[in-house]
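The structure appears below as structure tokens.
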Amino acid sequence: MSEGGLAMYRYDDYDRALVRERVAQFRDQVQRRLSDELSEEEFLPLRLQNGLYLQKHAYMLRVAIPYGTLSSEQMRILAWIAREHDRGYGHFTTRQNIQFNWVELERVPDILERLADVEMHAIQTSGNCVRNITTEAFAGVAADEFLDPRPLAEILRQWSTVNPEFLFLPRKFKIAICAAEEDRAAVMMHDIGLYLRRAEDGELRLRVLVGGGLGRTPMLGQVIRDELPWQHLLSYVEAILRVYNRHGRRDNKYKARIKILVKALGIEAFSREVEEEWQHLRDGEAQLTRDEYERVAAAFDPPVYPAADELAYGSALAADAAFARWVSRNVRPHRVLGYASVVLSTKPGAEAPPGDVTASQMERVAEWAERFGFGEIRVAHEQNLVLPDVRKSDLHALWLEACEASLGTPNQGLLTDIIACPGGDFCALANAKSIPIAQGIQQRFEDLDYLHDLGDLSLNISGCMNACGHHHIGNIGILGVDKNGSEWYQITLGGAQGVKSALGKVIGPSFSAAEVPDVIEALVQTYVEQRGAGERFVETVERIGLEPFKARVYRQAEVPA
């Protein structure tokens with residue numbers, strides 16, 4: 001069904017030249033490292049600027065997927081990299097990017113060159129710079145969306161890429177934008193969060209939040225300006241970054257994020273600094289014009305949707321209970337009648353770590369994107385994949401093939417739809433493993449009927465305080481901690497993302513890895529016993545507090561609360 005055309009940005013001559021020049025530059029830097037002309041210490045900032053990390057066992061390459069949008073052609077190249085340069089899989093991250101954990105240094109320039117062939121790169125996927133601009137996986141097609149946020153996300157991407165003023169910030173910097181009633185982009189946990197709306201006069205307006213972030217000191221963003229005209233997007237973001245660059249701490253990386261600066265100054269004082277800086281910028285070169293917006297927005301013009309008959313879809317729902325269950329969890333409303341968006345779960349159970357997708361699976365997804373859609377794929381920050389445009393009449397056929405490929409698990413938003421970082425199995429920063437914990441929980445909760453009865457329940461796992469698994473905003477959060485050289489796990493409850501974002505609270509002393517599945521079961525049982533009619537897990541926690549959960553868990557574990 002791909003005759004409608006891709007609704008995504010394509011490189012212009014400037015983009016192509018920049019990426020090619022970066023590949024050539026990095027090829028030279030790698031050769032100098034391999035010949036020991038550069039020491040590892042000298043090579044470190046150079047490789048980080050190109051998304052290359054040195055982890056426990058090998059180099060890891062993080063490839064940028066701007067605002068989580070991919071073409072089927074690009075997905076096939078990612079599959080090729082997984083097969084030819086890794087161990088047959090890639091790991092999709094909570095920043096909507098992909099990581100390859102087993103690349104060889106001398107082959108990285110060849111990988112980057114192949115990525116450049118399909119308009120991809122790894123620039124600014126690491127380092128103290130503006131990272132990947134993120135938005136929700138259903139941008140442009142969501143039924144509750146006011147307008148497509150991706151043109152402004154793309155404008156931010158172009159502006160921030162190799163922007164010399166902001167390549168050496170005090171710390172990494174993350175920006176997210178949302179333009180729907182439901183916040184599916186976790187906007188409040190970003191350094192800058194943007195809510196895009198259309199005002200009564202028809203113009204686009206932005207609500208700007210600043211100072212969000214997880215990690216060692218989790219905080220939610222605070223509103224710094226409301227009703228900002230869209231023309232001032234870049235100048236206002238630039239003002240924020242300038243104030244941060246000027247005052248952010250560089251003597252202590254644990255206190256270098258903008259959230260610490262906002263807390264230290266207070267939101268009012270920080271806002272005054274930004275407003276003062278903005279006065280020098282607001283009517284300058286960074287002010288957006290309608291022509292520039294329209295130039296970028298034209299790349300996201302929606303495809304022509306052929307009329308779609310829903311009769312076969314209704315018949316399949318009535319005839320196949322398993323299909324109906326999958327639809328109830330993994331199929332999202334679409335703005336066009338007769339179409340839907342589909343979540344392909346990368347969490348089939350203990351057989352695969354959350355977010356890991358094999359080369360063969362990537363190739364299947366690319367083929368489905370063309371056959372059932374317009375050749376477009378999205379990456380969700382929950383680490384799942386999304387096909388944004390599927391005829392409802394094709395859903396049953398797609399579901400059957402997704403099940404064959406272990407991508408059809410009907411658990412989107414349920415307990416086993418676990419968000420998890422790679423943890424101590426790969427990351428040199430981790431205090432503890434994440435993957436075995438996720439697999440242990442998935443094994444304990446294999447009963448789909450039980451999971452669906454529990455309803456919406458998010459569980460997030462991080463292997464260290466950097467919080468790459470977003471454990472602070474999981475309804476249940478699990479944090480790996482080090483205790484005298486052994487791995488333990490701290491539990492938080494009550495976290496949430498979206499327009500009602502909340503940070504979870506620690507319930508008490510940590511647990512061993514072997515205890516974690518029992519702890520999760522005890523928490524779930526407490527919820528089942530205490531929940532009101534139609535009440536979700538996080539709502540029960542909010543209503544009754546932590547004490548009933550703590551009492552059950554620590555009585556069971558025979559650990560004093």
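Within the option set V223, V274, being modelled with pLDDT of 95 or more and either more than 25 Å from the chain's Cα centre (by Cα) or assigned to a loop (DSSP other than H, G, I, E, B) (or both) holds for one residue only, V274.
Could you check, for the range 419-438, whether at least one of its residues is over 23 Å from the mean Cα position of the chain (by Cα), in contact (Cβ under 8 Å) with a residue 24 or more places away in the chain and not in a loop (DSSP other than H, G, I, E, B)? Checked the range 419-438: no residue is over 23 Å from the mean Cα position of the chain (by Cα), in contact (Cβ under 8 Å) with a residue 24 or more places away in the chain and not in a loop (DSSP other than H, G, I, E, B). Just one of the listed residues (L454, L415) is buried (at least 22 other Cβ atoms within 10 Å of the Cβ) and in contact with a Leu (Cβ under 7 Å, 6 or more places away or on another chain), namely L415.
A quick yes/no check of all residues on (1) without any contact (Cβ under 8 Å) to a residue 12 or more places away in the chain; (2) assigned to a loop (DSSP other than H, G, I, E, B); (3) surrounded by fewer than 24 Cβ atoms within 10 Å (Cβ to Cβ):
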site: P109; (1), (2), (3): no, no, yes
site: D148; (1), (2), (3): no, yes, yes
site: V162; (1), (2), (3): no, yes, yes
site: D183; (1), (2), (3): no, yes, yes
site: M188; (1), (2), (3): no, no, no
site: G193; (1), (2), (3): no, no, no
site: R197; (1), (2), (3): no, no, yes
site: E200; (1), (2), (3): yes, yes, yes
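A residue that is within 24 Å of L415 (Cα to Cα), of a type outside the set (D, E) and surrounded by fewer than 22 Cβ atoms within 10 Å (Cβ to Cβ) occurs nowhere in the range 308-316. Among the residues of the range 468-493, those identified as open to solvent by 20 Å² or more (accessible area, probe 1.4 Å), in contact with a strand residue (DSSP E or B) (Cβ under 7 Å, 6 or more places away or on another chain) and in contact (Cβ under 8 Å) with a residue 24 or more places away in the chain are C468, V481, E487, W488. Do we find that V357 is under 21 Å from L414 (Cβ atoms), of a type in the set (V, I, T) and assigned to a strand (DSSP E or B) in this structure? Criteria met by V357. If you go through the range 87-101 and keep only what is open to solvent by 20 Å² or more (accessible area, probe 1.4 Å) and over 21 Å from Y67 (Cα atoms), you end up with R87, G88, Y89.
When you go through G349, G338, G355 one by one, which is the residue that is at positive phi, under 21 Å from the mean Cα position of the chain (by Cα) and surrounded by fewer than 19 Cβ atoms within 10 Å (Cβ to Cβ)?
G349
The values are calculated or read from the model by the stated rules, or taken from the named source; none is laboratory data. Quantities reported herein were computed from a predicted structural model and do not represent experimental measurements. Virtual Cβ from ideal backbone geometry, glycine too; neighbours counted across all protein chains shown. Surface accessibility is based on the protein's heavy atoms, side chains included, excluding ligands, DNA and RNA. Shrake-Rupley method; radii C 1.70, N 1.55, O 1.52, S 1.80 Å.
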